[in-house]
Amino acid sequence: MAKQKIAVTREAFLRLTLPERLKLWAEDRELEEYIFTKAFTYKATSTEYLQAKGEIKVAIIGSGPAGLGCANVLNQMGFKVTVFERDDRPGGLLMYGVPNIKLPKEILLSKLGGLGKSGVEFRLNTDVGTNISWAEIRTQYAAVVICTGSSQPRTLQLPGNELAGIYYAKDFLTSTTKSLLDNQLTTGNFLSAEGRDVLIIGGGETGTDCAALALTHGARSILQVERQDCDMVRISQEGFCEIVKGDVSIQYNTKVEHLLGDANGHVSGVKLCQVEWGQTDGGMPVAKEIEGTTLVLPTQMVLLALGFSGPEPVVFEKFGVKKTPMGTIASVSGVFMAAEHGVFAAGDARRGSGMVTWAFGEGYDAALECAKYLTDNMQR
């Protein structure tokens with residue numbers, strides 16, 4: 001059983017004793033306001049396309065921001081839209097990758113309910129390639145839009161990465177939100193940071209999500225580390241690097257050298273050192289370790305927030321699409337056509353990890369290109 005009451009709302013979180021950066025993180029309502037007021041208000045008013053009148057079926061794989069944006073537009077244009085989602089709830093990263101503190105799930109669930117009532121079908125717990133084959137998808141649907149996101153996490157390459165107690169950020173975030181929605185965290189069946197010294201590797205926004213959530217669990221301490229300088233990391237908050245000066249919960253220019261384990265094979269500590277940045281003869285940035293800065297700290301939980309390398313391997317193995325040098329889905333025609341005729345890709349799966357607003361925009365635009373393709377076919 002969970003031993004302490006976990007703050008799961010913005011208001012409860014802001015009553016805690018917080019570093020300034022996490023207070024600002026919680027007070028920022030930009031994502032919540034975008035989902036509530038803008039994300040689902042796109043109106044497909046173009047007269048360039050025929051109205052499908054529910055007679056043409058389109059499959060969308062993935063129900064994250066791009067998939068939802070695409071489904072909304074195609075549904076308005078009269079296509080019969082089915083969204084395939086392997087999780088037990090739709091929403092993708094909006095549902096499970098963003099803490100409830102930052103995006104109250106009742107807002108998202110209300111918007112998803114509206115899509116369902118308007119005619120969009122969600123097939124949950126359905127993993128394309130496993131529960132239904134790619135061949136079946138292509139046979140049953142006139143077009144497919146791949147919106148699986150960039151969900152292949154970057155791995156940790158350093159001594160000690162085999163120890164127990166090391167988790168990907170997305171698994172940590174998902175476990176808390178899923179338990180919250182399933183049973184209000186009453187059964188304690190989530191990855192708990194309570195009473196632990198938590199190390200978060202990665203200085204981006206996902207790492208900050210993890211830091212906030214670990215704090216709500218009752219972590220004994222949290223330390224978020226990033227090898228790059230603060231000015232080198234993409235941070236959306238203006239003046240962020242000034243805000244975090246003196247914040248002991250986050251360290252930049254810090255390299256993780258080694259994860260240490262106990263006799264049971266569980267992570268128990270971390271060896272860190274400071275780095276300074278210079279340039280190679282070719283002008284590329286390079287980090288050099290600073291002598292005498294090695295530090296060993298206790299940690300019983302490590303969260304990897306190292307970003308994502310692209311869609312998961314199954315997308316390239318089973319969906320007939322090719323990979324760009326960046327690891328994303330390659331386009332073969334137009335902007336969004338990704339493989340054989342009628343197969344499109346949008347969102348992070350196509351352009352790489354980015355902002356939620358970009359992903360919704362990709363979904364809208366991919367829907368229009370898909371509709372044009374289907375309209376042209378209807379007119380032949």
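The values are calculated or read from the model by the stated rules, or taken from the named source; none is laboratory data. Remember, it's a predicted structure, so these values are computed and weren't measured experimentally. Backbone-built Cβ (ideal geometry, glycine too); neighbour counts: all protein chains shown. Keep in mind that these areas ignore ligands, DNA and RNA; they rest on the heavy atoms of the full protein, side chains included. Shrake-Rupley method; radii C 1.70, N 1.55, O 1.52, S 1.80 Å.
See the values below:
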read-out	value
Simple spin-label estimate for Lys38 and Glu340 in nanometres, 7 Å along Cα-Cβ	3.9
Alpha carbon centroid spacing (whole Å) that separates region 75-141 from region 232-269	35
Length added when fully stretched, Glu289-Lys117, from 0.36 nm per residue minus Cα-Cα	56.2 nm
Spatially proximal lysines relative to Lys5 (Cα-Cα < 23 Å; intrachain offsets below 8 disregarded)	Lys23, Lys102, Lys105, Lys170, Lys178
Table column - 3J(HN,Hα) (Hz), region 329-334, Karplus curve with 6.51, -1.76, 1.60, x for Gly and Pro	6, 7, 8, 10, 7, x
Helix 105-118 vs. the chain, principal-axis angle (Cα, 0 to 90°, nearest 10)	10
Cα Rg, Dmax, region 66-205, angstrom units	17.8, 55
For the chain, diffusion coefficient by Stokes-Einstein and Kirkwood Rh (Cα), 37 °C, 0.692 mPa s, µm²/s	148
Cβ-derived FRET efficiency at R0 22 Å, Asp88 paired with Lys57, nearest 0.05	0.40
Rel. contact order, % - alpha carbon contacts under 8 angstrom, at least six apart, the chain	21
Gain in span if fully extended, Thr357 to Asn183, counting 0.36 nm per residue against the direct Cα distance	59.6 nm
Spin-label proximity, Glu106 to region 17-31 - amide N less than 19 Å from point 7 Å beyond Cα toward beta carbon	27, 29-31
Share, in percent, of DSSP beta bridges within the chain that are antiparallel, nearest 5	40
Tilt relative to the chain, helix 169-183 - C-alpha long axis, 0 to 90 degrees, to 10	70
Protection-proxy order for peptides 246-252, 20-26, 202-208, each taking the mean of Cβ atoms within 10 Å per residue, highest first	202-208, 20-26, 246-252
Solvent-accessible surface (1.4 angstrom probe) belonging to Leu158, in square angstrom, nearest 10	20
Contour minus Cα-Cα distance for Asn161 and Thr130 (0.36 nm per residue)	8.2 nm
C-alpha long axis of helix 65-76 to longest principal axis of the chain, angle in °	20
Partners for Lys255 among aspartates and glutamates (Cα-Cα distance below 19 Å; same-chain residues under 8 apart left out)	Glu162, Asp197, Glu205, Glu226, Asp229, Asp231, Asp247, Glu276, Glu289, Glu291
